[in-house]
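Step one of this worksheet: look at the structure below.
Readers should treat all values here as calculations from the given coordinates under stated rules, not as data from a laboratory. This one's a predicted model, so the numbers in the text were calculated from it and none came from an experiment. Here the Cβ is made from the backbone with ideal geometry for all residues, glycine too, and neighbour counts use every protein chain on show.
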Amino acid sequence: MKEKNTGRVAEVSLGATTAEGGTRTTTIVVGGDTALPFHHFEGEVPHRPVVAMEVQDIVPSWPEHLGKYFRDVWDKPGEWARKGVDVYGADLIYLKLDGIDPEGANRSAADAVAVVKEVLQAVGVPLIVVGCGNTEKDNEVMEAVAEAAAGEKLLLGNAEQDNYRTLTAACLGNGHSIIARSPLDINICKQLNILITEMNMPGNRIVIDPSIGGLGYGIEYAYSIMERSRIGALQGDKMLSMPILCTVGYECWRAKEANSPEEEVPEWGTQETRAIMWEATAASAMLQTGAHILLMRHPQAVALTRKAIDRLMQPNNY
Amino acid sequence: MALTGLEIYKQLPKKNCGECGPPTCLAFAMALAGGKASLDSCPYVSDAARAALDSAAAPPIAKVVVGSGDTVIELGDETELFRHDKKFYHETAVAFLVSDTLGEAELSDKVAEINQLAFHRVGLEYRIQMVAIKNDSGNPETFKNAVQTVASNTGLALALISENPEAISQALGPVASRKPLVSAATEANWEQMVAAVKDSGCALAVKAAGLDNLAALVEKITGAGYKQLVLDPMPDSVSRAVADFTQIRRLAIKKKFRPFGYPLIAFTQAEDPLEEVTEAAAYVAKYASVVVLKTTDRAALLPLLTLRQNIYTDPQVPIQVEEGIHEVGTPNENSPVYVTTNFSLTYYSVEGEVEGSRIPSHIISVNTDGLSVMTSYADGKFEAEKIAETMKKYGIEAKVKHRNIVIPGGVAVIKGKLEELTGWKVIVGPREASGIAAFAKSQFA
């Protein structure tokens, strides 16, 4: 029994090669689906979901089970990104500018631009760049980043319901795409897409970040929001038809289950395996409900997820 | 597909006698369609009409029961393709595979390990359901002995995995009263398999590669009168499983295709234990009523069982955290005290931000029946009285030396009342959880 879908998820392309006005050696297209996730038998799933690994512009306070893989490079964002791509197989890089936070290191826009350039030089894959969460500072910094990397077709975030204009304008003017982040709410998600589109941003340059909530901490809300938004997209709702980015790594590494030592909770099993699986299991669930870009941290969780994607991309036509 | 009131009306006697309660047959039909009345109330309905209406009212996916006593597991009886349309009812049962080629001591050890697989988190207990014994030896006698060993060492439900009717027959005899799941009937063995399980009424998995073959085999078995079934379309890849499980669920629910109106069983294919769990996660999301695993690694099972709980949560009932005083980091008698509601999303947003502030703290969650701050305040469930009562009930005054409490900015108006009731100094915090880190830094760092 096949469902006839009239709609399609928008195709967003990330990264521009030299011929296209950028400097990337590889580019990525996400979205384009005309069916529910991995329902190859009744529609097209033209592009595989991708895994983005996280790099920060400041040494992160990550736990040992991440630290041991990245400590040698995490004060050098370029090398950190290269390790993610060359050693751990990241499809692209998600650069989080936590260093610009006025409550933290308070680095300048010029510092942030330098880091973005460093990462662009170090790797050939497309780049996602996201601010620290402080509205004013993010607007100032992301404008500078957008200009400095004009033509690279970055994916920049985060636009939110009460702060989307500056970023949208910066993306529009410099050829980038934008992340529209909503707080686990499908109405706000749609509303934000409408607002950004009204500023003349084409639908194929917007990516939704629905704020997934962690496994065991509300991920089922995101699961259903994403399922509903995919169904909406397939029924032709253009304002829900953008590809979806899930911040799996960020959510999972906040969870107690990824951070409690085995001595404290023996019945939960080995800590590192538990943390890896907290991330990989959440990613697996998000894939089933429509994720296009998964932000992840642990190298083994990345490897497991890439294998899971390989298996799910096998044809299942009848 | 449920019948409409008018379709039901056509089957009724149209006497308008009112003996069923509603004054007319049409009103009664409407009540039936809405699930508010039972056909039993009508004294005049014909047998033919009753049969027609009963079959239309039968659930699209049968409920199949495995196990007995304390370990009864209900499988199936699902009505939705998507959890947001209503809910998923019966959690995926998790089974662990053991081989009958293991020696008796090894087998008992393995079962003892499986028995211990329970997990506690966020005030809940996650349990596993079954031990599945596989007839790898090919020998009925060995299989029977292994099943006996497992049965005498566990209270969990059992699954007997063999395609040899003789092996099933022998092994089932002594454990039939425990109602194990038997897997599997195939095109080659189904008549003997049905004969083997018939007297006990055990659930029988039906296995055939390809949806058409599976439907045909199920029809043969139901035609022979056996209906305690579980379906295994034998997918040869995870991708195929997603497709097959979706087709089976769709045809059962949207088309009421009877041969597919039974619960699904999934066997993991990956050999690597961690890959196995990412695979199982897909089956939990995509309709498997039973998933059979090889790994018993606790660190991999905890996330899987957490996902199962998440997916099977009722989307219409807000999830709550335990009422009381929660600790973030290792707080002491000088640490800040925050108060919020017990709605899980609210609570975890606050907890996450407090954690992010890197200042160990106490958070009091007030029982607001799972409502968020503003909703519960509007509903009278987050008033000063309620907060004061919760503070007293859990003895916060014994946990800290200071007398300062932070309330959400949205309910700043209760500050005076709460101070009056408790004698504590009330500090109005930010309206949104995202403001907590900066707030904590300025107040407490």
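Structure data summary
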| read-out | value |
| --- | --- |
| Whole-Å distance, taken between Cα centres, linking segment B:237-274 and segment B:1-74 | 29 |
| Fraction of beta bridges assigned by DSSP in segment A:11-312 that are antiparallel (%, nearest 5) | 20 |
| Farthest positive-ward along chain B dipole, Cα basis, beta-carbon charges - from B:PRO140, B:ALA208, B:VAL337 | B:VAL337 |
| Antiparallel bridge percentage (DSSP; both residues within segment B:98-221; nearest 5) | 20 |
| Segment B:374-421 and segment A:79-114: distance between their alpha carbon centers, rounded to Å | 41 |
| Dipole of the protein assembly as shown [Lys/Arg +1, Asp/Glu -1 at C-beta], most positive-end residue of A:GLY131, A:ASN174, B:VAL122 | A:ASN174 |
| Highest-first arrangement of A:277-285, A:175-183, A:304-312, B:417-425, where packing means the average Cβ count within 10 Å | A:277-285, A:175-183, A:304-312, B:417-425 |
| Theoretical ellipticity at 222 nm over the protein assembly as shown - DSSP helices of four or more residues, -39500 (n - 2.57) apiece, nearest 500 | -12000 deg cm²/dmol |
| Entries in A:LYS190/B:LYS87; B:LYS227/B:LYS286; B:LYS110/B:LYS144; A:LYS2/B:LYS294; A:LYS68/B:LYS399; B:LYS134/B:LYS220 that, when Cα-Cα distance is taken, lie over 28 Å | A:LYS2/B:LYS294; A:LYS68/B:LYS399 |
| Size of charge dipole - segment A:11-312 - debye, nearest 20, with Cβ of Lys, Arg +1 and Asp, Glu -1, no other charges | 640 |
| Area projected by the alpha carbon convex hull of the protein assembly as shown, averaged over all directions, nm² | 36.5 |
| Shape box of segment B:63-311 [Cα atoms, principal axes, largest first, Å] | 48, 47, 33 |
| DSSP beta bridge pairing in the protein assembly as shown, given as percent antiparallel to the nearest 5 | 20 |
| Cα-based reach from B:LYS14 at 25 Å (exclusive), listing lysines while leaving out same-chain residues under 8 positions away | B:LYS36 |
| Residue (of B:PRO174, B:ALA288, B:GLY223) at the positive-pole extreme of segment B:162-291, dipole from beta-carbon charges | B:GLY223 |
| Cβ-based exposure ranking for A:ARG24, A:ARG228, in which fewest neighbours within 10 Å come first | A:ARG228, A:ARG24 |
